[in-house]
Amino acid sequence: MRETLLMAIVGIVIGVPYTLGLTRLVASRLFRVQAWDPITMAVAMLTVGGVAALAGYLPVVPHASIPWWLSAVSSRHIQDLYRSAL
């Protein structure tokens, strides 16, 4: 999952400058189109990040040996207790 999110972040960081450049080009060609719309850019980045998080997380869920809510707990001791109870 970490690798998936890292790739998404790198893609967003590389893509935002290109997007800004292309929006200026489109704005110069169209009437009443803004070159920078922060709400649209934020929604697009959150959408890409959310889809990347799901793409990295969903394939792992069926193969996890502990429940997802317990995987968020950082203590190895609690996870070991859960596994030994099974």
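The numbers here are math on the coordinates, done by the rules we state, and not lab data. Because the structure is predicted, anything quoted here is derived from the model rather than measured.
Brief remarks on what is shown
- Chain lengthening between A27 and E3 when straightened (0.36 nm per residue, less Cα-Cα): 5.1 nm
- For Q34 and V13, the difference between the fully extended length at 0.36 nm per residue and the C-alpha to C-alpha distance is 5.4 nm.
- Length added when fully stretched, R83-V48, from 0.36 nm per residue minus Cα-Cα: 9.1 nm
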